[in-house]
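To start, the structure under review is shown below, and the notes come after it.
What follows draws every value from the coordinates through simple rules; no lab data is involved. No experiment lies behind these values; they were computed from the predicted model shown. Reconstructed Cβ throughout: ideal geometry from the backbone, glycine too, with neighbour counts over all protein chains shown.
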Amino acid sequence: MIQIARGIANDAITDGVATRFIVIDADVGNDPELVTFYSKNGFKRNERYSAKKNKRTLSMRLDILLD
């Protein structure tokens, strides 16, 4: 799924759409291991949203231009 999202983002860039990040909300309330999975795939935590009251999800991003 991550590779599909990258492909869609790269197609958007080719079509002239400014695209840089893939952003997800990891449902850590359901599966705490998701943070490890996404981290291994290059995602970083969105620190600005880490202190939010909803502790069930964690906002993360992947910078597709750093590859």
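Give me D for the chain in µm² s⁻¹, whole number, from Stokes-Einstein with Rh from the Kirkwood sum over alpha-carbon pairs, 20 °C and 1.002 mPa s.
168
Which whole-number percent is the relative contact order of the chain (Cα, under 8 Å, 6+ apart)?
The normalised contact order for the chain reaches 37 percent.
As a footprinting exposure proxy, order 63, 15 by other Cβ within 10 Å, with the fewest listed first.
15, 63
Mind checking the angle between helix 2-14 and the chain's longest principal axis? C-alpha axes, 0 to 90 degrees, to the nearest 10.
Tilt relative to the chain: about 40 degrees.
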